[in-house]
1. Using alpha-carbon pairs under 8 Å, 6+ residues apart, how would you state the relative contact order of chain C in percent?
2. Between C:Lys73 and A:Ser124, what FRET efficiency comes out of the Förster formula 1/(1 + (r/R0)^6) with R0 = 56 Å and r the beta carbon distance, rounded to 0.05?
3. Run the label-point distances for B:Asp75 please: 7 Å along Cα to Cβ, every other copy, nanometres, shortest first.
4. Give the nm distances, rounded to one decimal, from B:Glu161 to the matching residue in every other copy, measuring between label points 7 Å along Cα toward the beta carbon; shortest first.
5. Pairs A:Lys114/B:Lys73; A:Lys37/C:Lys37; B:Lys37/B:Lys73; A:Lys37/A:Lys73; B:Lys30/C:Lys30; B:Lys118/C:Lys37: which are spaced more than 20 Å apart, C-alpha to C-alpha?
6. Based on the Cβ-Cβ distance from B:Ser115 to A:Val93, what FRET efficiency comes out when R0 is 25 Å, to the nearest 0.05?
7. Students often check this: by mean Cβ neighbours within 10 Å, which of A:52-58, B:155-161, B:165-171 ranks highest, and how do the rest follow?
8. Relative to the longest principal axis of chain B, what angle (0 to 90°, nearest 10) does the C-alpha long axis of helix B:44-55 take?
Amino acid sequence: MSLSSLFRRLNFTVPGFQALPGAPDNGREKLAIVATKGTLDWGYPPVILASTAAALGYGVEIFFTFYGLQLLKKDLSHLRVSPLGNPAMPMPVPMPTLMMVLPGMEGMATSMMKSKMKAKGVASLEELRELCVEAEVHMVAGQMTVDLFEFDSADFIDGIELGGAAAFFEFAGESDITLFI
Amino acid sequence: MSLSSLFRRLNFTVPGFQALPGAPDNGREKLAIVATKGTLDWGYPPVILASTAAALGYGVEIFFTFYGLQLLKKDLSHLRVSPLGNPAMPMPVPMPTLMMVLPGMEGMATSMMKSKMKAKGVASLEELRELCVEAEVHMVAGQMTVDLFEFDSADFIDGIELGGAAAFFEFAGESDITLFI
Amino acid sequence: MSLSSLFRRLNFTVPGFQALPGAPDNGREKLAIVATKGTLDWGYPPVILASTAAALGYGVEIFFTFYGLQLLKKDLSHLRVSPLGNPAMPMPVPMPTLMMVLPGMEGMATSMMKSKMKAKGVASLEELRELCVEAEVHMVAGQMTVDLFEFDSADFIDGIELGGAAAFFEFAGESDITLFI
C-alpha cells in the first residue's frame, strides 16, 4: 500500500488524524513500541501510534509481550474493558464500585465502549492492526511470555515473529522514539 | 517566569527536587510526554516530570489522550485514586479486596492520599500543572479521544491546543526523551 | 561479573533470551527506565529489560518511584498480582468479577503466577534484580515518594541511591532509550 493511500485510510479510520504536509519525506526515522497490555482500551494506543508513524514514513516495530500478546490473536472479540480500578473512565452514570463487580458489568462496559466507538466512526482494533500489517509494521511476539502463558502461536495473525528482549533492543537501540505501553 | 524562580518554586513544591548546577544551560533538549491516565495518582508523573524538565531548560510537550484528558479539566476535584487492582498501594492497614469494593472506599482512599500529600508538603496537581503552564510546557489534547468521550474543550484550562497523533510525532520525532505515561 | 557470564546466566534465567552475536561491542549506548509499578507482574519488565540491556553492553539506570519503590525492598514476598481491572490476565478458568473480590482470591492469583513461573523456569524477581546489581545497573529511589509513602530506606537492598526527578534527567537526557514502566 502506498503512503498516500495509507494516509487516506488513516484519515478515514482515525478521527482527528491530521496528515502533516511533507511528513512522509523523513523516511529514516524509527519508532519502537513495547505493547504490554491486552484490554480493549489499552489495545488502541499501540496500533494508532504505529499506523500513524508508518504513514509519516517511520520504520516501526512493535514488541508484544506480557498481556499485550492478547492483541495478536486472530480473533479479538475476547478483549474486554474494565471500569474497576480506573475511576477515570467516563461512565454514563456515576456508579458505585460495589455495582461494578456485579455479574455482567464488565461485559456491559465493553459493549458500551464498542458501540460508542462505532457511533463515532473509530475503526476497530482489527482494522487498525490490519493497517499496521499493510504498512509493514514489524510485529514480534515475546518468546518468554508466549512460553509462560502458554500462548499458541497458531492463534496469532500471520507474519508474527518470535523474539526475546535482546532482539527488541537491536531495533530499539536505533530508534528515535521508544514507547512502553 | 524565569528559570531560576521556577527552580525555587519547584524546590518548594516538590520535596526531593534537586536542582543540578548548570543544568539550565542545556536549553536545546526536548521532552515529549503522552499522558494517558486520569487518576489522582497517575496524574502526578506527567506534571512533575514536565515541570522538572522545563526547569532544567528542556522544551516540553505533553499530549493528553485517552483517560489523560481528565487532567486538563479546570476543576480537578473529581480525580480519584482506587486501591482496586493495585495491591502495591501502601494502605494504613491491610484490607481484604471484599472490603475495598464497599461504598465509600474509593472516596476514602482518595481523601487519605490527598491529606497525606498535604501533610508532606507535596503540591496539588493544579499547582504543578500551573507550574507547567508558567514554564511554557506545550499542552495538546488528543482530538480523537475528545470526540470519542465527548469532552467539552470549554471545560479545559486555557491555552490547550487540539491535535492528532500525527501532530504529536512532529514534536516527538525531534525529542531526546519520549515517555508514554 | 563478565559480560559473557552474564549472558550465560540470562540464557539460563530468562527463557527466550537470545544473545545477539557481537552485541556487547556497542558499549556506549544507554537505557533509562522509570519503574513506577509495584505488583508481581509489573515488577518483571524493568529487571528483564535492564539486565538484558546490561548484557548487551548498555549503561543502565532505573529510577524507582511511586509504587515502583516496592521493588527495592529486600524481601519481595509481599508482592502480589491482582486479576481485578485486568481482564487480559490469562486465567485457568473464566471467573466472574464478583468471585475475584472474594477473600483469598488475590493470594490465589499470586500463588498461581508464582508456581507457573517456577514450572516454566522463569527466574524470580529477586534473582533478576540480583543480576541487575551484578551487571552494575544504577538504581535510584525517588526521594519524593520515599518521603510521601514513608518508605524506610533501611528496608531497601544495599547500594540504592536517593534522588529527585532532576537527577533522573541527568542520565535520561544522555540515554538512547528511555522507558516509563
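Just so it is clear, none of the values below were taken in a lab; they were calculated from the coordinates. Not measured: the values here are computed from a predicted model. Using ideal geometry, Cβ is built from the backbone for each residue, glycine included, and neighbour counts are taken over all protein chains shown.
1. Values: 261 pairs, mean separation 58.8, N = 181.
Computed over chain C, the figure is 32 percent.
2. Once the sixth-power term is evaluated, E becomes 0.85.
3. Label-point distances to the other copies, shortest first: 4.6, 4.7 nm.
4. Those separations, rounded to one decimal, come out as 3.6, 3.6 nm.
5. On the way: A:Lys114/B:Lys73 25 Å; A:Lys37/C:Lys37 14 Å; B:Lys37/B:Lys73 13 Å; A:Lys37/A:Lys73 13 Å; B:Lys30/C:Lys30 17 Å; B:Lys118/C:Lys37 23 Å.
From the list (A:Lys114/B:Lys73; A:Lys37/C:Lys37; B:Lys37/B:Lys73; A:Lys37/A:Lys73; B:Lys30/C:Lys30; B:Lys118/C:Lys37), the Cα-Cα distance tops 20 Å for A:Lys114/B:Lys73; B:Lys118/C:Lys37.
6. Working: r = 29 Å, r/R0 = 1.14.
Efficiency, from the Cβ-Cβ distance: 0.30.
7. On the way: A:52-58: 25.6, B:155-161: 13.0, B:165-171: 22.4.
Top to bottom by mean Cβ count within 10 Å: A:52-58, B:165-171, B:155-161.
8. 20 degrees
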